[in-house]
1. Residue 54 - would you say it is surrounded by 10 or more Cβ atoms within 10 Å (Cβ to Cβ) and under 18 Å from residue 9 (Cβ atoms)?
2. Taking residue 48, is it over 20 Å from residue 70 (Cα atoms) and of a type in the set (Asp, Glu)?
3. Residues in segment 1-34 that are among the small types (Gly, Ala, Ser) and within 17 Å of the chain's Cα centre (by Cα): how many?
4. Counting just the residues of segment 5-18 that are among the hydrophobic types (A, V, I, L, M, F, W, C) and in contact with a Lys or Arg (Cβ under 8 Å, 6 or more places away or on another chain), which one comes out modelled with the highest pLDDT?
5. Have a look at 3, 37, 18, 13 and point out the one that is over 28 Å from residue 88 (Cα atoms) and touching a Cys at 6+ places or on another chain (Cβ under 6 Å).
6. One residue is enough: does segment 68-75 have a residue meeting the conditions loosely packed, with under 11 Cβ neighbours inside 10 Å and either farther than 23 Å from residue 9 by Cα or without any contact (Cβ under 8 Å) to a residue 40 or more places away in the chain (or both)?
7. Please enumerate the residues belonging to segment 57-108 that are within 16 Å of the chain's Cα centre (by Cα) and of a type in the set (Phe, Trp, Tyr).
Amino acid sequence: MGKEDLEGSPAYKIRITKPDGDTEIHCIDADNFVELKVIYHVKIQGNDVESEVDYTNYKPVEGVMMPFTFQNKFKGMSGEITNQVIISDILFNKEVNDSLFIKPVIQK
């Protein structure tokens, strides 16, 4: 799609169209090459739904810039819903105990 201004910063916009017709627009910072926003246009049960994810608060983690805050906006049949996720720590390839993945037993 080219290069455009996104909230005061130059950004590359790339459109991805999936085989089912759903689309994604990825906005990538032209200076730092980090993802700033993704806009999704999808059909859910025959209804057009748009959602946006804004990525902010980038910090280096083991040499990789990672967003520590992202905000989701969902626009659809029931209006707009927004939530925000703030990440306190990111660890790559951390050892975890296999017991965390054991399916719990359902007691009757």
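The values are calculated or read from the model by the stated rules, or taken from the named source; none is laboratory data. Keep in mind that this is a model prediction, so the values were computed, not measured. All Cβ positions, even for glycine, are placed from backbone atoms using ideal geometry, and neighbour counts span all protein chains on display.
1. yes
2. So residue 48 fits the description; yes.
3. Qualifying residue count, segment 1-34: 1.
4. Among residues in segment 5-18 that are among the hydrophobic types (A, V, I, L, M, F, W, C) and in contact with a Lys or Arg (Cβ under 8 Å, 6 or more places away or on another chain), the one modelled with the highest pLDDT is 11.
5. The match here is 13.
6. Scanning segment 68-75, I find no residue that is loosely packed, with under 11 Cβ neighbours inside 10 Å and either farther than 23 Å from residue 9 by Cα or without any contact (Cβ under 8 Å) to a residue 40 or more places away in the chain (or both), so the answer is no.
7. The answer is 58, 68, 70, 74.
Residue-by-condition table, conditions (1) in a strand (DSSP E or B); (2) within 23 Å of residue 63 (Cα to Cα); (3) at pLDDT below 95:
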position: 3; (1), (2), (3): yes, no, yes
position: 20; (1), (2), (3): no, no, yes
position: 28; (1), (2), (3): yes, yes, no
position: 31; (1), (2), (3): no, yes, yes
position: 42; (1), (2), (3): yes, no, yes
position: 50; (1), (2), (3): yes, no, yes
